[in-house]
Amino acid sequence: MVQMTRSIVHMDLDTFFVSVERLMNSKLMGKPVIIGGMSDRGVVSSCSYEARRFGVHSAMPMKMARALCSEAIVIRGDMDAYSRYSRMVTDIIAEQAPVYEKASIDEHYLDITGMDRFFGCMQWSHELRQRIMKESGLPISYGLSVNKTVSKIATGEAKPNGEILVPDRQVQGFLSPLSIRKIPMIGNRTFHLLRSMGIATIGTLGQIPMEMMESLLGKNGLAIWKKAHGIDPAPVRQYSERKSIGSERTFQRDTMDVAGLHDLFTAMVEKLAFQLRREEKLTSCVTVRIRYSNFDTHTLQRRIPYTSFDHLLIPVARELFDRLYQRRMLIRLVGVRFSGLIRGVQQLNLFEDTSEMVHLYLAVDMLRKRYGPDAIKRASGIQLHDLEERTAHSQEQQAHPAPERRQQIDNLKSRRWRYWYR
Ligand code: DCP
Ligand code: MG
């Protein structure tokens, strides 16, 4: 069977957090703006092009960014607003695109294969981009090409405020002169290794035999080799708000112990939030469920700004439970679920300016990664031991497949949201 050439769009908002701040305060237009925590230990989340001219870039330590650009206006994050605008853009895309994937808080992949029969893919994408900019007020760029990798690289080249088409026959010519850094997956270490071998451009990288790349970098080497040749069969995975992770407990003996149940929610949320962070995901919706002894089941859910932090999620789960638990009746089952998942890592320092908090999370997650999810728990969650011992069965479900391991490791290594190649 002849494989049909696909038409894949990658759209990414320009200087997303900064652009939202500019919508709320037009005085920030044309000025160097940095979004990041005030503490020296924080890193840059987003920065305007005026700040980039001084060498500032995302994930750079704030201290360094301020040293490079002392006149920059530094703003603490407003995750609430960013989440609202992120949803607004997703809603517009969802209305127009046949298949789309929300890849992070500000980027989407669209599979518009076949659209050319009606409009022409470039025209269709152009109109969608115009609509997004008009309705949200935010600048956005896109790349249109034959697969996700090439389109993502094209978006990077189109920025700021641009659009690029890379047709099938031009893929090699487009990639060749670009720096190897532009290949998603090439982190700092791989970059320096390849640079030390005199490899600077994707074109040169493409001349290295596949076997050599594999022996040099293992499986990763093979994947990089493919990307350098513009090969990427990965499908656009339809985004669903309903994909979720959750946890449920059924009690052997039904209970009315509210304090114990609060502790149980703490422990369940803590475990799930750790799972989010480990998989580099954020949630934007919490659902709590209770079942009374007579099997009456009630659920309540709340949309929240994107997060993966237990100290933000625990109060939401507890509050939902308090609102649900109105009839002083015995409870048979409780559950909590996170949905509206996207890929991403929240910069804690943006919102909580205590570096102790950042370090606490890092330390706790490290212990859990090494010794297992139960290695360390909140004190309030510990008393729930009693309750847990009575647990007849505990069920953890995952309604979607775990993301590719390789990508997780790469994301962790580069500690960035998604631009591995910058
Ligand atoms: N982000 C973050 N920490 C990072 C990287 C990103 O908090 N290390 C947040 C802030 C960004 C948003 O994610 O605004 C989107 O990330 P991008 O990499 O797309 O960066 P920008 O949208 O800011 O800039 P660009 O115009 O290059 O896309
Ligand atoms: Mg962006």
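Starting from the Cα-Cα distance between Gln326 and His298, subtract it from 0.36 nm times their residue separation and give me the gain in nm to one decimal.
So the extension gain works out to 9.0 nm.
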In segment 222-313, the chymotrypsin sites (Phe, Trp or Tyr not before Pro) that fall in loop regions by DSSP, at most 10 other Cβ within 10 Å: Phe295
Stretched fully, the stretch from His229 through Met29 gains (0.36 nm per residue minus C-alpha distance, one decimal, in nm) 68.1 nm
With r defined as the distance between the Cβ atoms of Ala200 and Asn161 and R0 fixed at 30 Å, what FRET efficiency is calculated, to the nearest 0.05? 0.60
Can you give the angle from 0 to 90° between the axis of helix 148-158 and the longest principal axis of the chain, with both taken from C-alpha atoms, to the nearest 10? 70 degrees
Using only Cα atoms, tell me the angle between helix 258-278 and the longest principal axis of the chain; keep it within 0 to 90° and round to the nearest 10. 20 degrees
Tilt of helix 405-414 relative to the longest C-alpha principal axis of the chain, in degrees (0 to 90, nearest 10)? 80 degrees
Please give me, ordered by residue number, the chymotrypsin sites (Phe, Trp or Tyr not before Pro) of segment 134-218 that lie in loop per DSSP and have at most 13 other Cβ atoms within 10 Å. none
Which lysines, on any chain, are close to Lys219 with Cα under 27 Å apart, when same-chain ones fewer than 8 places away are left out? Lys102, Lys148, Lys152, Lys182, Lys227, Lys281, Lys369, Lys413
Pop the C-beta distance of Met212 and Lys63 into the FRET formula with R0 = 45 Å and round what comes out to the nearest 0.05. 0.65
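Of all DSSP beta bridges in segment 15-158, what percent run antiparallel (nearest 5)? List each step's numbers first, then the result.
Numbers: 9 of 12 bridges.
Expressed as a percentage, antiparallel bridges in segment 15-158 total about 75.
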Of the cross-linked pairs Lys243/Lys271; Lys31/Lys159; Lys159/Lys271, which ones have a Cα-Cα span greater than 29 Å in the structure shown? Lys159/Lys271
Give me the distance between the Cα centres of segment 160-208 and segment 81-110, rounded to whole Å. 27 Å
For the pair Ile376/Ser70, report the inter-label distance in nm, with labels modelled 7 Å from Cα in the Cβ direction. 3.9 nm
For the chain, Kirkwood radius (reciprocal of mean inverse C-alpha pair distance, Å): 23.4 Å
Mean-position separation - Cα centroids, segment 116-146 and segment 228-258, in angstrom: 30 Å
Nearest 500 deg cm²/dmol is fine: what mean residue ellipticity at 222 nm does the chain get from its DSSP H runs of n ≥ 4 alone, each adding -39,500 (n - 2.57), divided by its residue count? -12500 deg cm²/dmol
GluC sites (Glu not before Pro) within segment 35-131: which are DSSP loop residues with at most 11 other Cβ atoms inside 10 Å? Glu71
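A short reminder: the numbers here are calculations on the coordinates, not readings from a lab. Small disclaimer: the values here were computed from a predicted structure and weren't measured. We place every Cβ from the backbone using ideal geometry, glycine too, and count neighbours over all the protein chains shown.
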